[in-house]
Amino acid sequence: MSDRSSLFQENPRSIQVSAYGGSAPAAEAPVCLQVSSLSAGYGRAQILKNVSFCAKQGEITGLLGPNGCGKTTLLRALCRQLPFTGSCLLNGLSLEQMTSRQLARQISYIPQRSGIAISMPVTDVVLMGFNPVLGLLEQPSRAQKEKAHEALRAVGMEAYAEQDYQILSEGQKQLCILARTIVEDASLLLLDEPESSLDFPHRHRIMELLTGIIRGQDTTRADGGTLSEDTPGKQTVSSGKAALVTLHDPQLALESCSRLVLLKDGVCTAILHPAADSLPDMEASLSEIYGPIRLRALEENGRRSLILLPRG
Amino acid sequence: MCTAQKRNAHPNTRSTQNQDSLLHPQTGRPDSAVLCLSVLLLLAGCVVSLLAGKYPLTLGRLLAGDAMQRQVLLTLRIPRTLMAVLGGFALGAAGFVFQTVFRNPLAAPDMIGVSSGASAGAAFAILFLPASAAAVTLSAFAGGLLAVGIALGLASAAGGYGSGLNLRRHPHRHTRRTAPAGGSGSIVLAGIAVHSLAQTVLMILKLTSDPERQLASIEYWIMGSLNAITLSRIPFYCAVCAAGLTGLFLLHRQIILLSVDESEARMLGVPVGRMRLLILLLATLVVASVISVTGVISFIGLLAPHIARLLMRDNRLHTLTLSGLLGGVLLTTADILARTAAASELPVSIFTSLLGAPFLLYLIISGNGGEGHVR
């Protein structure tokens, strides 16, 4: 068994090639979110217990764990929708000190399924993202409407701009919400199981786009091409954004996240760096939360992919 | 082609064609034409409303300077028509707002107790205040506002963010209590409680009333009528109604944002509790100012927004406007029927219900009534 305490330390080796193209940002990337000794719950039931981790700019941080381990509770606490103890610093500012409007400008929240219950054109859904910067009675400007169309183009939904949001498939809805996130231009993106209701191509497309947004790649290319077409290994400029994503699929998490926070029974059991940590270390940590598993590495075209298999 | 394929068919061609034209991107009809048509319908209804009734007016005799005809036109028909147009517009627009904010296609102004509160207020005035139309109107207005005030107060006490009045902070420096235990659900529950309370008060008032005169007056008021509208009664209520409507139109973008799930709306920078409170108060003001003058008028607030959405297929500002215009058309039409269908004048709610009840059944049967989808 490896030295488990090392798993809680930030790993200096972070130049790596991820499955979604583009190299990971340098290890010195500034911290976007610093969570220290966070405890939260519902009423008297404490779900999260003293969780500490950080999310750096230009990185996707994944939250992994079985059902009921506190992933969504953590996101809700960061959205200030649940009472919590501990400290959460976003770009050096305490979340508690921010006004609701400041919080909305700094954090973009993407739920499992958007709670839009009425018919409205896709463009209007994206334009909602400008609300934190608009006055109470102010309407989106022409430039903002243009940005909304650019964001839709970036996610490949431009043709649906005037379509009713309600009649889109779940995958298309998630792409619209991602376009809304692009126009929000927040520094921290919180995604609650964005892949849970999506089919295989859509879940990879979403993570691919998210990687592009976080790594500061051009998300508004006129051809609407996929972001994975970028040359692997190409250095990209950090967007100054970070993403914190709860995921059910550990395979997808290993492929798309720079850092993984493992939760079990509300406690952080390990912090992994999939591209840098050793397979036995990661296997042991993942086995602790999912039961016995095997982790294998597959090299293809200079990319390392990790495959999770049941032990048996 | 299967349904799913049809549903997600690439809409590029149609969208591109319609984007730069005046055509509606989905229906292919011009939005402005739908609005113009409804304005024309409303104007036609106004003309008929001005001329039709127990004492029919004719353009020829009016232009010839017939004093009696002019007197009827100025003192009875113009105020009545004005109230029908404004009242219908207000109920239609308020219905749109209630359905959107509560994300419920069956939501109506009475959901938070305004109609039942106004009814109890009117009954109180009929029993205990000096007999005058102004007293009944004022008492109904106060009753409606009081009922909604109690409902929102109860929701606030029960649900924290539900009405935006209660933001508690835990004494611990690093702890913030922000659980949105209330929300629209607690307002609806509080509204049901207040509605029941107001109905009980109304029943007690009816029991203690004189069955010959007072009970009949109460029942007639509850059924709604534009019969007793006079020019002197409406300026204050029209001003209140117009102010409320202006606020609702200005806040349309916020109304749409409130239709989003609460936690999502909050993360989009919407002060959900305070905004919902403000919008519900404005909508209540609008409805209370109308029904305090006309009595309870059912189904306009349900019917008009649904027809508007069926025509426009969205919830943009033009759909709110169309909800109001169609509300005006419906109430004007119902009022014309109420005074011409029988030898004596009938309550206007009979005709609005005759139009609304089948539509309600259609909503239930077609499955649009219970999903929370306001399409």
Seminar exercise, completed: Heavy-atom accessible area with a 1.4 angstrom probe orders B:ILE350, A:ILE107, most exposed first, as B:ILE350, A:ILE107
Problem set entry | With DNA, RNA and ligands ignored, accessible area of B:ILE204 (1.4 Å probe; Å², nearest 10) | 100 Å²
Problem set entry | Contact surface B-A: accessible area buried, both sides summed, square angstrom, 1.4 angstrom probe | 4100 Å²
Exercise. Roughly what would the spin-label model give for A:ARG296 and B:PHE236, points 7 Å off Cα along C-beta, in nm?
Worked result: 8.4 nm
Problem set entry | Counted charge near B:GLU345, where neighbours are those whose Cβ lies closer than 13 Å (Asp, Glu -1; Lys, Arg +1) | +2
Seminar exercise, completed: With R₀ set to 51 angstrom, the calculated FRET efficiency between the beta-carbons of A:ASN50 and B:LEU317, to the nearest 0.05, is 0.55
Seminar exercise, completed: Placing each pseudo-label 7 Å from Cα in the direction of the beta carbon, A:ARG304 and B:LEU74 end up separated by a distance in nanometres of 9.4 nm
For this session: Output the residues of region A:74-97 meeting this criterion: accessible area (heavy atoms, 1.4 Å probe) in the chain alone minus accessible area with all protein chains in place is 50 Å² or greater.
Result: A:ARG80, A:GLN81, A:PRO83, A:GLU96
For this session: Could you tell me the accessible area of B:VAL39 in Å² (1.4 Å probe, neighbours in place), rounded to the nearest ten?
Result: 60 Å²
Exercise. In whole Å, what is the distance between the alpha-carbon centres of region B:70-137 and region A:44-121?
Worked result: 45 Å
Seminar exercise, completed: One finds, for A:SER169 and B:LEU59 with R0 = 51 angstrom and r their Cβ-Cβ distance, a FRET efficiency to the nearest 0.05 of 0.30
For this session: Could you let me know the centre-to-centre spacing of region B:281-306 and region B:197-216, using Cα atoms, in angstrom?
Result: 23 Å
Exercise. From the Cα gyration tensor of region A:63-141, with a ≥ b ≥ c the square roots of its eigenvalues, which class applies: rounded if a/c is under 1.5, or else prolate if a/b is larger than b/c, or else oblate?
Worked result: oblate
Exercise. Pulled fully out, how much extra length does the chain show between B:ALA193 and B:VAL48, if you take 0.36 nm times their separation in residues and subtract their Cα-Cα distance?
Worked result: 48.0 nm
Problem set entry | Test item: A:126-132 mean partner chain Cβ contacts at 10 Å | 4
Exercise. Suppose R0 equals 22 Å; then what is the FRET efficiency for A:SER37 and A:SER196 from their Cβ-Cβ distance, rounded to the nearest 0.05?
Worked result: 0.15
Exercise. Taking each residue of B:270-281 in turn, how many C-beta atoms of other protein chains fall within 10 Å of its C-beta, and what is the average?
Worked result: 1
For this session: Quote the accessible area belonging to A:THR211 in square angstrom, nearest 10, computed with a 1.4 Å probe and with ligands, DNA and RNA left uncounted.
Result: 0 Å²
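The values are calculated or read from the model by the stated rules, or taken from the named source; none is laboratory data. The shown structure was predicted, so the numbers you read here are calculated from the model rather than taken from an experiment. In this analysis, Cβ positions are derived from the backbone assuming ideal geometry, glycine residues included, and neighbour counts consider all displayed protein chains. Just so you know, the surface numbers come from the protein's heavy atoms only, side chains and all, with ligands and any DNA or RNA stripped out. Shrake-Rupley method; radii C 1.70, N 1.55, O 1.52, S 1.80 Å.
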